[in-house]
2 protein chains.
Amino acid sequence: MNSNNVTIYDVAREAGVSMATVSRVVNGNPNVKPTTRKKVQDAIDRLGYRPNAVARGLASKKTTTVGVIVPDISNIFFADLARGIEDVATMYKYNIILGNSDSSRDKEIHLLNTLLGKQVDGIIFMGGRLHEDLVEEFKKSPVPIVLAATLNQGYDLPAVNIDYEQAAYDATHMLISHGHERVGFITGPLEQQINGEKKFAGYRRALEDAGLPFHENDMILGNYTYASGLEAMQKMLQRDDCPKAIFAGTDEMALGVIHAIQDAGYSVPNDFEVVGHDNTRLATMIRPKLTTVVQPMYDIGAVAMRLLTKILNAEEIEEKNVVLPHRIERRDSLRQD
Amino acid sequence: MNSNNVTIYDVAREAGVSMATVSRVVNGNPNVKPTTRKKVQDAIDRLGYRPNAVARGLASKKTTTVGVIVPDISNIFFADLARGIEDVATMYKYNIILGNSDSSRDKEIHLLNTLLGKQVDGIIFMGGRLHEDLVEEFKKSPVPIVLAATLNQGYDLPAVNIDYEQAAYDATHMLISHGHERVGFITGPLEQQINGEKKFAGYRRALEDAGLPFHENDMILGNYTYASGLEAMQKMLQRDDCPKAIFAGTDEMALGVIHAIQDAGYSVPNDFEVVGHDNTRLATMIRPKLTTVVQPMYDIGAVAMRLLTKILNAEEIEEKNVVLPHRIERRDSLRQD
DNA sequence: TTTCCAATTGGAAACGTTTTATATCGCATG
DNA sequence: CATGCGATATAAAACGTTTCCAATTGGAAA
């Protein structure tokens, strides 16, 4: 743990040039004679000089660091997203400061301010819902903010998502097309626009298009976890008119649903058919393997980060509200056609 | 996106004091008269002043930021660990710069240098194996480095782990005590000390203690993934003398093992018994629920970060090589006694 | 009053870069 | 041989804090 304190000035002295020249060499500025460059480079190697990014940040007003606000990194869904973000960030020489918000408004705002204090060059935000106060803070931000897997709720914020309404429609429709007249819908809290407006709307539209009525109690809300999916399905199974087809809002909930069904002695897909949402790695880690809506988390993260770099470089941006394609991956939780 | 550029100097002028005084107020230094403090605080609020952490970092040589090097954040195991780290970091007012190494030596070294360039106050490292070159770099680090879920391989590095040898012993022993004379061992690459030395040693010791011979081909190595666990078990099932008890090096592999067994038409736990390792959330997301060694990932992360803060604060440290307790969580992949 | 000491406050020098404006060098051109 | 210009290099001023040290203030004690 020696203290590494060789500065640009030491290098300059060692190489017999000014610090400005060293700075140019370090930053790959072309206005340096090759012989000088070599001389400086040698001095750098000899001294083991490593530029101080903090000083650089102060002087240049750029930190090549972006903030990432995520509800919970231990959630496989956000972990995948984060990986996509980090990979692209690395590609563009940025680092990531990661913070968990637990979807709490206060933590989100606090985190945002901490990140801004640290002078990040931009921020990627994930969260179930955009609280009004948060949006106010966003508006005051001196750096760009991009939403990932988070709807912008009509605010003028760049965002990367899939078409959740259509995805839910497709999933429900697929179930209906298998002859089901009732389709259960087990998902997360309705306050979150993705559920409350998008998925719910898609679900209802599919029912309507098929001429089927919407039954209030065919829908059960949980909190995205395996346990809540299990519990919701157990509850539903107690009813005589229990739907034999279930669309679950996340894969994790879908696993819970399948196990509840199996625990009750029924078979998937023979007695019940199930479709999930997200296509996390869980989808293939269950028997029967889960048919699910493919939401490309990694890609959403990657595209969000790429979008942020474009904004930071003032590149031309064709569309600030990106909608990535989705599809349904057919596996064994659905009967063959 | 207004440019927020009110500095400590602006606040000083507004409050009619010197910047030194503002600095004291901002940092909670007690040597400020209450009336002055209030005057300054008002000015801060009025101007919406937010201290520039980069400038602060330059002047104080502390960034309240720690680096976290992880093989792959999208791996549920490391995601949990990271969450533990971040929670404790937040508690102590630190932020986390997170980087994925994919366990590549080059990426690890590159990441380390980037982090040191950014002047992090400390680093938490996770990785399957400590490459010699990396350790060289560690030694040169001007800031402390703590290993999490990573053995220090005899180097003098603070680390937080469980006793992997004993855990593997316990798991194997439990299987043997159920009457099995052969126990399959399906785990990750042996180059990683945790597998190659610790778990392997525990497995063998349990066999020896029971007077059972070690069969080379009862051990199959994969890469920690579900798919590799599945594949390994499929291979094992083709043998006439296939062990009827399996100890899997990770839960994810254990799920693969169980599914391979079930796919072949056998039952767990009636025909085969399986014990996993880690107790990730996956363990309860399978039928039968997985009996597994509890490795407290979150805690390891939390303790590692706490250890780092102790080192940073020069607090008394009783033991730099922390070994957290483990236990086996009995679930349904094992028959009742 | 004076005197002194503790409590406050202020001034200014770091901290290690980038960047701008300025100088110098080398050499082709007239 | 002087001129001019592009290519390089230098000097010094930011950047926004913290922090050391000196200065000032306000009372309590003398």
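The values are calculated or read from the model by the stated rules, or taken from the named source; none is laboratory data. Because the structure is a prediction, the values reported are computed rather than measured. All Cβ positions, even for glycine, are placed from backbone atoms using ideal geometry, and neighbour counts span all protein chains on display. Side chains are part of the model used for accessible areas, which takes the heavy atoms of the whole protein and leaves out ligands, DNA and RNA. Shrake-Rupley method; radii C 1.70, N 1.55, O 1.52, S 1.80 Å.
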Hey, can you tell me all the residues within segment A:39-52 that are among the hydrophobic types (A, V, I, L, M, F, W, C) and crowded, with 18+ Cβ neighbours inside 10 Å? A:Val40, A:Ala43, A:Ile44
Odd one out for A:Arg24 among (1) within 12 Å of another protein chain (Cβ to nearest Cβ); (2) farther than 30 Å from A:Asn113 by Cβ: (1)
Has segment B:117-133 got any residue that is closer than 19 Å to A:Asn52 by Cβ and within 14 Å of the chain's Cα centre (by Cα)? yes
If I ask for residues that are more than 21 Å from A:Arg331 (Cβ to Cβ) and touching a strand residue (DSSP E or B) at 6+ places or on another chain (Cβ under 7 Å), which ones from segment A:233-259 would you list? A:Lys235, A:Met236
Kindly provide the set of residues from segment B:219-232 that are open to solvent by less than 10 Å² (accessible area, probe 1.4 Å) and either within 14 Å of chain A (Cβ to nearest Cβ) or among the charged types (D, E, K, R) (or both), ordered by number. B:Gly229
Confirm whether B:Asn4 is modelled with pLDDT under 95 and either more than 8 Å from chain A (Cβ to nearest Cβ) or over 22 Å from A:Asp121 (Cβ atoms) (or both). no
Residue count for segment B:14-23, restricted to those that are more than 7 Å from DNA strand C (Cβ to nearest atom) and either surrounded by fewer than 18 Cβ atoms within 10 Å (Cβ to Cβ) or of a type outside the set (Asp, Glu) (or both): 3
Going through segment A:283-304 one residue at a time, which ones are among the hydroxyl-bearing types (Ser, Thr, Tyr) and within 11 Å of chain B (Cβ to nearest Cβ)? A:Thr284, A:Tyr298
Within segment B:28-38, identify whether any single residue is among the charged types (D, E, K, R), near DNA strand D (Cβ under 9 Å from one of its atoms) and either open to solvent by 50 Å² or more (accessible area, probe 1.4 Å) or over 26 Å from A:Leu115 (Cβ atoms) (or both), and answer yes or no. yes
If you check A:Asp80 against the conditions, is it facing chain B (nearest Cβ under 8 Å), out of contact with any Asp or Glu (no Cβ under 6 Å at 6 or more places or on another chain) and open to solvent by 10 Å² or more (accessible area, probe 1.4 Å)? yes
Test for A:Val274: is it open to solvent by less than 10 Å² (accessible area, probe 1.4 Å), at pLDDT 95 or above and more than 12 Å from chain B (Cβ to nearest Cβ): yes
Note down all Cβ pairs under 7 Å where the first residue falls in segment A:310-337 and is closer than 30 Å to A:Glu273 by Cβ, the second is exposed (fewer than 10 other Cβ atoms within 10 Å of the Cβ), and they're at least six residues apart or on different chains. none
Return a yes/no flag: does segment A:53-62 have any residue that is away from DNA strand D (no atom under 14 Å from the Cβ), open to solvent by less than 70 Å² (accessible area, probe 1.4 Å), in contact with a helix residue (DSSP H, G or I) (Cβ under 9 Å, 6 or more places away or on another chain) and touching a residue at least 40 places away in the same chain (Cβ under 8 Å). no
Residue among A:Arg306, A:Arg330 that alone is within 19 Å of A:Met91 (Cα to Cα) and of a type in the set (D, E, K, R): A:Arg306
Quick one: B:Ile73 ticks every box in (1) within 9 Å of another protein chain (Cβ to nearest Cβ); (2) surrounded by 22 or more Cβ atoms within 10 Å (Cβ to Cβ); (3) not in a loop (DSSP other than H, G, I, E, B) bar one, so which box is it? (3)
Filter segment B:90-147 down to residues that are assigned to a loop (DSSP other than H, G, I, E, B) and out of contact with any Ser or Thr (no Cβ under 9 Å at 6 or more places or on another chain) and give me whichever is surrounded by the fewest Cβ atoms within 10 Å (Cβ to Cβ). B:Asp102
Of all the strands (runs of 3 or more DSSP E) wholly in segment A:206-298, which have at least 2 residues that are hydroxyl-bearing (Ser, Thr, Tyr)? A:291-294
Verdict on A:Ile85 being closer than 24 Å to A:Arg105 by Cα and open to solvent by less than 10 Å² (accessible area, probe 1.4 Å): yes
From A:Gly265, A:Gly256, A:Gly249, which residue is surrounded by 22 or more Cβ atoms within 10 Å (Cβ to Cβ) and within 14 Å of chain B (Cβ to nearest Cβ)? A:Gly256
What number goes with the only condition from (1) more than 30 Å from A:Met253 (Cα to Cα); (2) assigned to a helix (DSSP H, G or I) that B:Ala302 does not pass? (1)
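Quick grid of which residues meet (1) more than 16 Å from DNA strand C (Cβ to nearest atom); (2) closer than 24 Å to B:Ile145 by Cβ; (3) of a type outside the set (Ser, Thr, Tyr); (4) part of a helix (DSSP H, G or I):
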{"residue": "A:Val11", "(1), (2), (3), (4)": "no, no, yes, yes"}
{"residue": "A:Val25", "(1), (2), (3), (4)": "no, no, yes, yes"}
{"residue": "A:Asn29", "(1), (2), (3), (4)": "no, no, yes, no"}
{"residue": "A:Val40", "(1), (2), (3), (4)": "no, no, yes, yes"}
{"residue": "A:Arg50", "(1), (2), (3), (4)": "no, yes, yes, no"}
{"residue": "A:Gly57", "(1), (2), (3), (4)": "no, yes, yes, yes"}
{"residue": "A:Lys62", "(1), (2), (3), (4)": "no, no, yes, no"}
{"residue": "A:Phe77", "(1), (2), (3), (4)": "yes, no, yes, yes"}
{"residue": "A:Glu86", "(1), (2), (3), (4)": "yes, yes, yes, yes"}
For segment B:168-202, what are the residues that are surrounded by fewer than 17 Cβ atoms within 10 Å (Cβ to Cβ), at pLDDT 95 or above and not in a loop (DSSP other than H, G, I, E, B)? B:Ala201
Hey, can you tell me all the residues within segment A:94-110 that are more than 9 Å from chain B (Cβ to nearest Cβ) and touching a residue at least 24 places away in the same chain (Cβ under 8 Å)? A:Tyr94, A:Ser101, A:Asp102, A:Ser103, A:Arg105, A:Glu108, A:Ile109
